[in-house]
Structures are given as structure tokens and as C-alpha cells.
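To keep things clear, I will list the structure first and then write my remarks on it.
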Amino acid sequence: MNILNASQIRNLDAHTIQNEPISSLDLMERASRAFVRWLCARFDNRRPLVFFCGKGNNGGDGLAIARILSAKGYGVTVYVVDYTEKSSDDFSKNLQRLQEHLTVHYIKEEKDLPKLTGEEILIDALLGSGLTRPAEGLLAATIETMNESPARVISVDIASGLYMDKVNGDDDAIVRPDYTVSFQLPKLAFMIPQNGPFAGDWLVVDIGLNETYIEKTKTPYFFTDKRSARKLIRDREKFSHKGTFGHALLLAGSFGKMGAAQLCGGACLRSGVGLLTLHVAGCGYEIIQIALPEAMCSVDIHEKMLTTLPDLNAYSAIGVGPGLGKEPQTLQMLENLIGEAKVPMVWDADALNLLSENPDLLKKLPEHTIITPHPKEFERLAGKSKDDYARLELARSFAGEHKLIVVLKGAHTSVIFPDGTVHFNATGNAGMATGGAGDVLTGILTSLLAQKYSPQDAARLGVYQHGIAGDRAAKARTKTAMIASDIVENMGW
Ligand SMILES: NC(=O)C1=CN([C@@H]2O[C@H](COP(=O)(O)OP(=O)(O)OC[C@H]3O[C@@H](n4cnc5c(N)ncnc54)[C@H](OP(=O)(O)O)[C@@H]3O)[C@@H](O)[C@H]2O)[C@@H](O)CC1
Ligand SMILES: [K+]
């Protein structure tokens, strides 16, 4: 799914109005009904709803939503924040419609702000995609009132004060919603880690904007949701055999860190690879043979760490890094790997840390190798960034410069191609922020590469599957109690 910026969304809006055709007022009504459907499915009419509306179209949505919910028997109080003389046409029309049924209250100065009990549900319809500058004065005071109340807050389209596609200032007044119900498309702002508190649990409701126009609009940003992930999956043919699904090699584990190799290997097996060999330090031989009977073991000459490569000819993909340690002999092995590998690779964890300590090696990494840094590992590789938008930009130029596929791990993990395209992932949860979850991902990616998925598809699909398995694990165990091996146990579609 494409992610569009604010001006592209404005054009999309105009295109839909002109070509469907539909009036802008009817489109606002459709968007409002979509919001109402979501709200009614989640909240019954026992709690009072308090609306805070601005005077543009986001405020117009708020007024329309209030009217529809009031007709459905919800208790509705509406405040219009009177911060400007200007108002949009559709705001004015909806104000007139609402006033036929309900008295609207105006907030003209701070003393007009209501006292909230915390029992209400607050609807934030102050500012939407039309935000052009930080919210100040009366708007900022209203935002503060909402944020200070223990009441639940639901933002219409996007939290008021949050830019859709660029960084906010540290001191900007921004609503901190529990939920954001956004129209038609996910917004770039929702993908950015530092915006977590300003997106809440966000979701997208369909309002029938022109799909063809959305697909044709050029953007570097995409969202891998269920529909787009499904398109990447290849069925297992009836007449296939284990050779069809490749032979993966994992170089992982060291003394005290054999669990990383086990998790990585387990995930690799569970993502459909035909055969798996783990090359492990001597101390890992029995561990792996017992823990993963489906895998084969190749044993290093060193008892505690990996120092030498096995013959690489048998393998269709290689994953390296989890639990490797950073000893000089292991670094030597990585140098040899870069020289000898002729198949697609995934580099993770200590392999990346060794790369950042040896920038010459980084330059030699074969094109389209997948690297899977978390933010700290990425910082070691590419340097510091002043904010999360800047880090995304740095990752795009890094991927381009080194011709690598960068999987920047986090909530909405971003998969970045050498051409600068960014695919944010839909699945996963905070329960996955736990030791070993990254090793699981490396196993999955290596498995998909061994099955001859292109590195781009393997990265997007693997990250998506990893997240799905994590979501299932959280359901079974809760986010707090789940551990990385639960992710492996919950693999599969
Ligand atoms: N296509 C869709 O998805 C659909 C979208 N719809 C809805 O429309 C919403 C966008 O509406 P919108 O364009 O009227 O802008 P909105 O955010 O209401 O702001 C209003 C005006 O406020 C101003 N302003 C900006 N920043 C300010 C500030 N800090 N402090 C004070 N003033 C500020 C600025 O005007 P300016 O003063 O810059 O001239 C701006 O124009 C969208 O989020 C969604 O809810 C649906 O109805 C149907 C389909
Ligand atoms: K809003």
C-alpha cells in the first residue's frame, strides 16, 4: 500500500471529488460514517462524548461525526475552538446541520475550556492534514486540556498538531491520543518511532478515495500490510521436493551464546527451507544436534567460537551473526566469507558490529546483502542522526551508497532498498523487544533467500511473517511473558 504525503493526499481528495464524482461535503459525510462505524463497534453509548473541533475540514469531520452519533443515541457535547475568523465551507455547512439538533459551545478564551471528569471519551478534531505550523494559543491550551485529562482520546485522521510527513519541534503542542482513526491511508508520521505517543493505536478506515490514483502516485514510502504480503508468497507446488526449497547455512553462536544459533536455526526451519546446516563452535555441536534434530551440523575447529568457513558450495543462502562474538578469528572468518560467498546473504548482530569496526569490509559486502540492524547497530554502522526522520533518510542513503537492503528493526520495521524505497511493516508488537527476537528474524530471512525469494521480497515477507508470529505469541502468552522461542513456535500463516 502506498503512503502519500500531505499534498498528495490533498490531490487525491480533489481527484476523487472530480472523478467519482462526489461533492466534498458528501465525501466528508462518508469519512465521518466510516469513523462512526469504528467507534460504535468499540464503544457503547454509556460514556459521554466530548468533541473538540477546529474550523477546517478536520473540524467539519468532527461536527458530522457528532451529529451522526447523537442521532444514534450517544451523549454528545461539542466545543468549537474559535481561534480564527476563517472556516472551511464544509465546516460551515456541517455546523449549520448540527445546530439544527444541538447547541454548540464556543471556546473563545482559555476560561471557556470545559472541566473534564475523566469519564468522557474525547474526540480530537482540531487540526488534521492541513497543519501548516505548530499549534499555539487557544489551540495549544485545548490540546493541553485533552492531554491532561485521564479520559480516553480518539483523534480524527491524525493527532492535532502532528505533521503528517515531517518532523515536529520538541516543544510542539500535540494531542496524545489512545487511538487514531485515519482516513484511507496510513500516514508516514505513524511509522516514525518518536511519534509513538502521538499516534496511539492507529488504524485506517476506508472512505473510498480513488484507488487507481493512489497506486499511480509516485512515493518512496510503502506499507506492507496483509494484502501486499500475501502477494509475495509462493505456494508450495505439489511436485516439489526438499531440493526445491534450498539449503541454508547459518553461521551463528559461540560459547555462552548457543541459544542464538538455536533460535535462528529453529526459525529458519519453520519458514520453509528444504535443508539447514548450522556451522557452530565445538561447544555447540551437541546442543544443536539435540535442540534441532531437523538441522545438520558442521563443526568449527575452535571449541568456543567460529574461526573457519565450511565448504560453501552446497548452500543456496547464508545467514551470519547471531551470537557470534567479536573475536579477531571470527572477524577473519567474515573477511573470508565476503571473499568466497556467491549466494545471497543476511548479516546481523555481531557480524554488523564487526563491520562497523571495520569499514573497509563494509565496502566489500556483496550487493543486495540484507543487513538487519536495530537502531543502535545502525548508528554504529552509519553514524548518529538528530531525529528519527533523519535516521530514515540516512538509512535510505546508506542503502543506496552500499547497495544493501537495510532492515531497520523497531516498531513498523522499515525495509529499505538501494533505490531508496522504504517498506514499513504492519505486523509485530512491543512484546518482541526481547533478547533473541532478532536471531529469529535472521533465520527467517535466510530461509526465504535459500528458497530463491529475491532479497527485496525475502526482506519484506520475512519481516511481515516475523511480526505475525510475534503477534500470535503475544496473544497466547501476553506481550510481557512472551519470549523469542514463542515467536518460533508461532511461525506459519
Ligand atoms: N482526503 C481526505 O483524506 C479527506 C480529508 N478530510 C478531512 O480534512 C482534513 C484536512 O482538512 P483541511 O485541509 O481543511 O485542514 P485542517 O487540518 O482541518 O486545518 C484547517 C486549517 O487550519 C489552518 N492551520 C494549520 N495549522 C494551523 C495551526 N497550527 N494553527 C492555526 N491554524 C492552522 C490551515 O489554514 P491556514 O491558516 O494555513 O491558511 C488549515 O487549512 C483531514 O485531516 C480530514 O480530517 C475528510 O473530510 C474527507 C476526505
Ligand atoms: K485531529
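Of note:
- Residues (part of a loop (DSSP other than H, G, I, E, B) and within 16 Å of ligand 1 (Cβ to nearest atom)) located in the stretch 110-149: Leu126, Leu127, Gly128, Ser129, Gly130, Leu131, Thr132, Arg133, Pro134, Ala135, Glu136
- Leu249 crowded, with 20+ Cβ neighbours inside 10 Å, within 30 Å of Ile290 (Cβ to Cβ) and in contact with a helix residue (DSSP H, G or I) (Cβ under 9 Å, 6 or more places away or on another chain): yes
- Among the conditions (1) touching a strand residue (DSSP E or B) at 6+ places or on another chain (Cβ under 9 Å); (2) without any contact (Cβ under 8 Å) to a residue 12 or more places away in the chain; (3) of a type in the set (Val, Ile, Thr), the only one that Ile123 does not satisfy is (2).
- Residue check, Gly470 over 19 Å from Ile318 (Cα atoms) and assigned by TED's automatic domain parsing to the domain that holds Gly325: yes
- Residue under evaluation Ala125, criteria (1) more than 14 Å from ligand 2 (Cβ to nearest atom); (2) touching a Gly at 6+ places or on another chain (Cβ under 6 Å); (3) within 20 Å of Ala71 (Cα to Cα), criterion not met: (1)
- Scan the stretch 169-181 for residues that are assigned to a loop (DSSP other than H, G, I, E, B) and either within 11 Å of ligand 1 (Cβ to nearest atom) or among the hydrophobic types (A, V, I, L, M, F, W, C) (or both) and the total you get is 4.
- Residue identified as surrounded by fewer than 17 Cβ atoms within 10 Å (Cβ to Cβ) and under 32 Å from the mean Cα position of the chain (by Cα) among Arg270, Arg236: Arg236
This table checks each residue for (1) touching a His at 6+ places or on another chain (Cβ under 8 Å); (2) of a type in the set (Asp, Glu); (3) within 16 Å of ligand 2 (Cβ to nearest atom).
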residue: Phe52; (1), (2), (3): no, no, yes
residue: Asn58; (1), (2), (3): no, no, yes
residue: Ala71; (1), (2), (3): yes, no, no
residue: Tyr79; (1), (2), (3): yes, no, yes
residue: Ile107; (1), (2), (3): no, no, yes
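- Restricting attention to the stretch 11-33, the residues that are away from ligand 2 (no atom under 15 Å from the Cβ) and within 29 Å of Arg152 (Cα to Cα) add up to 6.
- Test: residue in the stretch 40-58 that is more than 10 Å from ligand 1 (Cβ to nearest atom), exposed (fewer than 14 other Cβ atoms within 10 Å of the Cβ) and in a helix (DSSP H, G or I): yes
- On the stretch given as the stretch 66-100, residues that are more than 10 Å from ligand 1 (Cβ to nearest atom), within 18 Å of Leu39 (Cβ to Cβ) and of a type outside the set (Phe, Trp, Tyr) total 13.
The values are calculated or read from the model by the stated rules, or taken from the named source; none is laboratory data. Bear in mind that the values here come from a model prediction, so they are computed numbers and not experimental data. All Cβ positions, even for glycine, are placed from backbone atoms using ideal geometry, and neighbour counts span all protein chains on display.
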